[in-house]
Amino acid sequence: MPLRTTDDRPILRVNGIQTQSESYLALIDEIPELVAAGVTHLRLMPQAVDMAAAANLFRALLDARLSAAEAEARLREICGDAPLSNGFYHGKAGYRRIARAPAA
């Protein structure tokens with residue numbers, strides 16, 4: 001059951017006893033930082049998309065066969081109209097997509 005904001009934007013989805021974000025968490029730009037911090041496993045949260053393609057995309061990103069920009073473009077194709085988010089990771093509203101500052 002989707003929940004909408006007062007200005008009628010989708011923001012949350014109730015799934016049984018869970019309240020989930022309407023956006024798909026995508027920490028593509030953050031993967032190098034996560035790996036440097038010692039993260040050895042990533043969990044892909046099942047969505048109503050081609051999850052095998054999504055898993056292959058993240059594997060290619062981790063193996064440096066895809067850039068973050070290429071991976072995000074492909075993930076957007078896989079996810080269709082679903083918004084991508086990473087705000088919570090950056091201490092912002094969870095539904096937001098925070099762009100990584102260009103390397104100096």
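Observations on the model:
- Taken about its Cα centre, region 2-90 carries a charge dipole of roughly 240 debye when the Cβ of each Lys and Arg holds +1 and the Cβ of each Asp and Glu holds -1.
- Sequence-separation-based contact order of the chain, relative, with Cα cut under 8 Å and 6+ spacing, percent: 24
- Isotropically averaged projected area of the chain, using the convex hull of Cα atoms (one quarter of hull area), nm²: 8.0
- Rounded tilt (10° steps) of 51-62 against the dominant C-alpha axis of the chain: 40
- For region 12-24, Karplus couplings with θ = phi - 60° (6.51, -1.76, 1.60), whole Hz, Gly/Pro x: 10, 9, 8, 10, x, 9, 9, 10, 10, 5, 6, 8, 9
- Other-chain or far-sequence residues with amide H under 5 Å of Gly94's (modelled H): Phe88
- Between the helical axis of 68-79 and the longest alpha-carbon principal axis of the chain there is an angle of about 40 degrees.
- Farthest positive-ward along the chain dipole, Cα basis, beta-carbon charges - from Ile78, Ala55, Val14: Val14
Any read-out appearing in this document is the output of simple, stated calculations on the displayed coordinates, not a laboratory observation. All of these numbers come straight from a predicted model, not from anything done at the bench. So basically every Cβ, Gly included, is an ideal-geometry build from the backbone, and we count neighbours across all protein chains shown.
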